[in-house]
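The structure appears right after this line, and notes come after that.
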Amino acid sequence: MSARLARLALALYPLAWRRRYGAEMAALVEDTGSSPRVLADLARGAVRAHLRPEPGLEARLEPGDRARLGLSSILLCFVVFAAAGLGLYKTTEGHAFTAAGDAHGLLGAAHTAIQVLALVCAAAVAIGAVPLVVVALRQVRDRRAVERATVLAVGCLIVFALATGALRVVANLPSAPGHAIDAVVLGVWTVIALACGLGCALAGRQGLFAITVPKDVLRLASVCATVVVLGMLGISLATAAYLLALLRSAPGLAAEGNGPLELLSVAASLGIQLAVMVAVTVPATLSAARARRSHRA
């Protein structure tokens with residue numbers, strides 16, 4: 001188990017670093033052992049390698065590898081962003097928010113903009129991903145890594161479908177299970193959904209580096225990824241506008257409790273969701289810029 005954790009810790013390092021030092025570090029860990037202290041040192045080293053990359057190290061990567069890195073990073077960021085977006089949808093659903101949007105122009109416009117941009121992002125993900133999936137499926141029999149990535153992605157989708165079905169069963173029970181149980185069930189489903197999304201993103205990253213992707217397919221995926229990042233930026237701005245408009249135009253609604261246990265207000269929930277959106281949009285924007293530079297190289 002500790003050896004597997006050490007390999008996982010090494011996998012957290014940037015690709016360029018692993019290409020340059022990975023074999024040496026793996027041999028060192030094998031010689032010294034994978035004690036908890038070694039694992040902690042590896043984790044700290046991975047953080048430092050991302051925050052303070054060695055000058056010129058990434059330039060050693062092929063342009064195609066840099067494009068793959070950018071695409072997989074954007075997908076990972078988008079999964080987390082989508083989770084925050086789902087929270088936003090659940091927070092602002094209901095007649096009270098619809099009525100507030102109808103009564104106050106900025107609220108309605110911001111909410112509509114969020115919905116439109118979410119559809120644009122979803123369409124861009126589909127358009128960019130489908131050709132990559134087709135290429136991967138054509139090569140799945142020839143490459144074990146592609147097979148493992150496919151199994152991981154399909155497994156995550158099955159687990160998500162089962163968890164969602166269980167959530168619907170609980171929600172449609174004849175007798176209400178109670179607010180506390182509702183909160184636990186929703187929390188468990190949220191964790192499972194996020195884990196499945198991250199699993200699919202990691203499977204996509206593994207598959208991207210395991211297949212041979214035609215340049216035109218990679219370029220199309222990069223264009224779609226740029227559209228996704230622009231959509232994330234737009235949704236973040238629209239969410240900020242919605243939050244400010246809600247505080248100004250409907251302060252009573254903003255102060256209402258939110259969630260199964262209503263531990264947070266609507267405004268606090270929206271603030272947390274906005275913070276998550278911004279936190280993942282920044283690295284996604286940097287990854288999109290890296291992917292574009294790779295195509296110019």
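Derivation of every value follows stated rules applied to the coordinates shown; laboratory data play no part. These figures come from a predicted structure and were not determined experimentally. With ideal geometry, Cβ positions are generated from the backbone for all residues, glycine too; neighbour counts draw on all protein chains shown.
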Checklist outcome for this item: Counted neighbours (other Cβ, 10 Å), sorted fewest up, put Thr91, Thr190 in the order Thr190, Thr91
Item to check | At R0 = 30 Å, FRET efficiency that the Cβ-Cβ distance of Ala40 and Ala275 yields, to 0.05 | outcome: 0.60
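So, counting K/R as plus one and D/E as minus one, what does the shell of residues with Cβ under 12 Å around Val217 add up to?
+3
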Next on the checklist: Under the rule of at least 5 residues apart or a separate chain, name every residue whose amide H is placed under 5 Å from the amide H of Leu264.
Outcome noted: Asn258
Item to check | Surface/4 estimate of mean projected area, convex hull on alpha-carbon atoms of the chain, nm² | outcome: 18.6
Next on the checklist: Could you sort the peptides 269-277, 122-130 by per-residue average Cβ neighbour count (10 Å cutoff), highest mean leading?
Outcome noted: 269-277, 122-130
Next on the checklist: For a Förster distance of 41 Å, can you work out the FRET efficiency between the beta-carbons of Glu30 and Ala240, rounded to the nearest 0.05?
Outcome noted: 0.25
Next on the checklist: For the chain, set up a GNM with springs between Cα atoms under 10 Å and report which of Glu30, Glu62, Glu93 has the largest fluctuation.
Outcome noted: Glu30
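Which of the helices in the chain meet the span-like rule: DSSP H, Cα axial reach of 20 Å or more, Kyte-Doolittle mean at least 0.0?
Within the chain the helices that satisfy the rule are 36-51, 63-91, 105-139, 144-171, 179-210, 215-249, 266-296.
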Next on the checklist: Residues of the stretch 224-253 with the amide nitrogen closer than 16 Å to a label point 7 Å from the Cα of Leu119, along Cα-to-Cβ, please.
Outcome noted: 231, 235
